[in-house]
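Below: the structure, in structure tokens.
The values are calculated or read from the model by the stated rules, or taken from the named source; none is laboratory data. What you see is a predicted model, and the numbers here were worked out from it, not measured in a lab. All Cβ positions, glycine included, derive from the backbone under ideal geometry; neighbour counts span all protein chains shown.
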Amino acid sequence: MNRQSRLQRIILFLLLGALIFQNTALMAANLSESDVPSAPEALTPNHPLVGPELSFFLSPQEMLGQYQEAETRYRTQIQKIISTPQDQINFENTAKALEEASADYSDKIQPLIFLSQVSPNPQIRQAAEQIEEKSQKFDGTIDYEALYKVLSLCAQKKENLDNKDALLLKNGLLSLQSRGVGLPAGTREKLKKIEERLGQIAMEFQRNINASDDFIAVSREELKGMPQDYVNGLKKDANGKYIVTLKYPDYVPFMQQAENSKLRKELEFKYNNRAAEKNIPLLQEALKLRDESAKIQGYPSYAEMALEDRMAEKPENVWNFLNGLLPLLRSKGDAELKELLTIKKQDFPEAQEVYSWEKAYYLNQWHQSRNQLDEGSLKEYFPVNQVVEGTLKSYQQILGLRFSEIQNPDVWHKDVHAFEIRDAKTNERIGHFYLDLYPRPGKFGHAAAFSLVNGRELKNGYKNPVAAMVANLSPPRSDRPALLNFDEVETFFHEFGHLMHQTLTKARYASFAGSNVALDFVEAPSQMMERFVWEPEILKNISGHYRDSAKKLPSAFLKQMNHSKKLGQSLAYLRQLAFALADLTVHATVPRDVNTIFNQIMGSIGLFPPQENTHFAASFGHLLGGYGAGYYSYLWSEVFADDMFSLFKKEGVLNPAVGMDYRKKILEPGSERPEMESLKDFLGREPNNQAFLKKLTNA
């Protein structure tokens, strides 16, 4: 069952910051505000539009004007549908007409709203946020009762529809039902106000996280343990001290390598209190409103309502899934924790516990002691240009594609690149994508793929989809290119998987296209693609020493990396399981103190109790960014990802037949058929968890 309206899908996928795997999230670097241009009165390209028919050379006034035109057109189209004479009602002029009108509307406003996440200009970002707010308010003015009446009359006609058309009509009715049609007017109005407020909260919650700019200032001596390359990349304050921010390129290496435990504790305390004062009250309010909305619609909890249209179907199945993994992971996690304590005792013989701010540090020590893997030397084989070019080459080989970079494209920042996608065999143009890879002020702080234009069938052909990948990779330095750690390499490959899911679609309708699949399946394709970066055939593409690109990653390094990734793997999975349980718990029970419950679960399941007076939930963007009661999806979909990749391992990582099958049977259909049906079609059998369990038991 698909409970989301078209507009709800727009907002959902624009707010997904959560397309991140395990502990990898790439935050923006601390750049100077002088890097931000002043707001223009008007911008015009110095050349004709090239590539996608999208222009980002817009002033705030032009953006708002374009939105208003789109809204007016959509309102007129809806009114036409509502006014259809009863004896003339059919699928074409109701359900299909509504789908086409909403797709046209979203194609116009998605690129505008997207600028709130990426524009270097604060006034452009503000205009984009205003547009998102306007779209939410407009949504509340639509006469859904009248639309439901028209679609109901259409359904009563019992036309001979094929499966895709019948599904569109069915989903349209269910989506309208989720808005409270049929409820008393006062109740319906209350539900509308709740949804409007929830949209405002979600925007404010993410904005507060993006605006977090705390840091610690340290001396050179206090950076003991940090490589010189890291130190050289830090800014200094007026007193000559080094600034270590809470952004990932600063935070993660410091927590892994800084010898000063007191400073690691201080940095973690600040990190886990990002936006706490503002966001904890917002989170409490959102949970209460979500629960109220669910009960108005006849569900016992928001969790019950949210899972109804997902593969898991109901919370009970998720509890069983997570609790089924817990004993195996807990046993292995306890053993890994003992290993970390043993390592800590070498420094502090009297130690009885490893604290949260010590976890990354001693995991790093464990890795180094067992593998002798020099992270600095490893990074030298992954200059960013080689990784990007190699990733594009690999995807082209696997999926039978050809990417061509567009010269002098219309983009929102000079560092953004645009590409055209064509079928390698037929030369058919399939779509376009953008890459926005480096951090800057005000930019979305993680790594994510954003759908800008959805694919769909038109009368004169197929609407080519457009998507953008936004990342915050380590930026280049003046003395050498940017060198990526392997987490960044893996994340880039993962996010590119989302990009392909969004752009290779061939679904008939935009509602079914690309990433518009069940939330607990949306990560499976990109998680599956992550597995490729560990394969020698792919590493030949994505690796190359920054001084000599012909020198690929040595096989000895790969062997060490494969061994290293298993160290602490169960602790990492337990952390994910704890996030999933905490997310589901707070949405099923709506505790009075969400932070306390969240911290208790993280401590008991994740094995590392958070520091006192910290509020990690305040910056856990997944809770309000599209994954409410759905964080379990990362583990759930990983089972399917491992199962799908087992077919590539069996038939050949670069086997073109398997790659084309994957493209045709998994990526192209979207949700115009059940996800389980697509999986069975690709695998040639029922999916199973054998590959996933094998990975855990071999760790």
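Spot the failing condition for G324; the list is (1) surrounded by fewer than 14 Cβ atoms within 10 Å (Cβ to Cβ); (2) within 23 Å of P610 (Cα to Cα), and only one is missed. With (1) surrounded by fewer than 14 Cβ atoms within 10 Å (Cβ to Cβ); (2) within 23 Å of P610 (Cα to Cα) applied to G324, the lone miss is (2). For region 299-320, a residue qualifies if it is surrounded by 19 or more Cβ atoms within 10 Å (Cβ to Cβ) and of a type in the set (A, V, I, L, M, F, W, C), and the qualifying residues are A303, M305, A306, L307, M311, A312, V318. Among the residues of region 580-632, those that are in a helix (DSSP H, G or I), among the hydroxyl-bearing types (S, T, Y) and within 23 Å of the chain's Cα centre (by Cα) comprise T585, S619. R508 meets the stated requirement of being part of a loop (DSSP other than H, G, I, E, B) and under 26 Å from P656 (Cα atoms). Could you please find all residues in region 184-202 being among the acidic types (D, E) and either surrounded by 15 or more Cβ atoms within 10 Å (Cβ to Cβ) or closer than 13 Å to D139 by Cβ (or both)? Residues satisfying the conditions are E195, E196. Screening K278, K270 for residues that are within 30 Å of S369 (Cα to Cα), assigned to a helix (DSSP H, G or I) and at pLDDT 95 or above leaves exactly one candidate, K270. Checked against the criterion of being in a loop (DSSP other than H, G, I, E, B) and more than 25 Å from the chain's Cα centre (by Cα), region 556-575 has at least one qualifying residue. For region 209-233, a residue qualifies if it is outside any helix (DSSP H, G or I), modelled with pLDDT under 95 and under 21 Å from D374 (Cβ atoms), and the qualifying residues are P227, G233.
Of the listed requirements (1) within 28 Å of L246 (Cα to Cα); (2) surrounded by 20 or more Cβ atoms within 10 Å (Cβ to Cβ), F433 misses just one: (1).
In region 671-693, what residues are acidic (D, E) and within 19 Å of N171 (Cα to Cα)? If the condition is that a residue be acidic (D, E) and within 19 Å of N171 (Cα to Cα), then E672, E675, E677 are the ones that fit. Listed by position, the strands (runs of 3 or more DSSP E) contained in region 392-468 that have at least 3 residues being under 22 Å from the mean Cα position of the chain (by Cα) are 417-423, 429-436, 448-453.
Return the residues of region 378-437 that are out of contact with any Leu (no Cβ under 7 Å at 6 or more places or on another chain), hydroxyl-bearing (S, T, Y) and touching a residue at least 60 places away in the same chain (Cβ under 8 Å); say none if nothing qualifies. Listed by number, the residues that qualify are T391, S394. Looking for something under 30 Å from Y438 (Cα atoms), surrounded by 21 or more Cβ atoms within 10 Å (Cβ to Cβ), among the charged types (D, E, K, R) and touching a helix residue (DSSP H, G or I) at 6+ places or on another chain (Cβ under 8 Å) - is there at least one such residue anywhere in region 127-138? Within region 127-138, one or more residues are under 30 Å from Y438 (Cα atoms), surrounded by 21 or more Cβ atoms within 10 Å (Cβ to Cβ), among the charged types (D, E, K, R) and touching a helix residue (DSSP H, G or I) at 6+ places or on another chain (Cβ under 8 Å). Just one of the listed residues (A550, A518, A507, A556) is crowded, with 24+ Cβ neighbours inside 10 Å and not acidic (D, E), namely A507. Within region 295-304, is even one residue touching a residue at least 24 places away in the same chain (Cβ under 8 Å), farther than 29 Å from P609 by Cα and part of a helix (DSSP H, G or I)? Looking through region 295-304, at least one residue is touching a residue at least 24 places away in the same chain (Cβ under 8 Å), farther than 29 Å from P609 by Cα and part of a helix (DSSP H, G or I). For the condition buried (at least 20 other Cβ atoms within 10 Å of the Cβ), in contact with a Phe, Trp or Tyr (Cβ under 6 Å, 6 or more places away or on another chain), closer than 29 Å to N464 by Cβ and touching a residue at least 60 places away in the same chain (Cβ under 8 Å), what is the one hit in L168, L98? Within the list L168, L98, the selection yields L168. Residues in region 223-257 that are within 32 Å of the chain's Cα centre (by Cα) and of a type in the set (K, R) were compared, and the one that is farthest from K270 (Cα to Cα) is K235.
Quick grid of which residues meet (1) over 35 Å from the mean Cα position of the chain (by Cα); (2) of a type outside the set (F, W, Y); (3) at pLDDT 95 or above:
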site: L329; (1), (2), (3): no, yes, no
site: P349; (1), (2), (3): yes, yes, yes
site: E358; (1), (2), (3): no, yes, yes
site: Y361; (1), (2), (3): no, no, yes
site: Q368; (1), (2), (3): no, yes, no
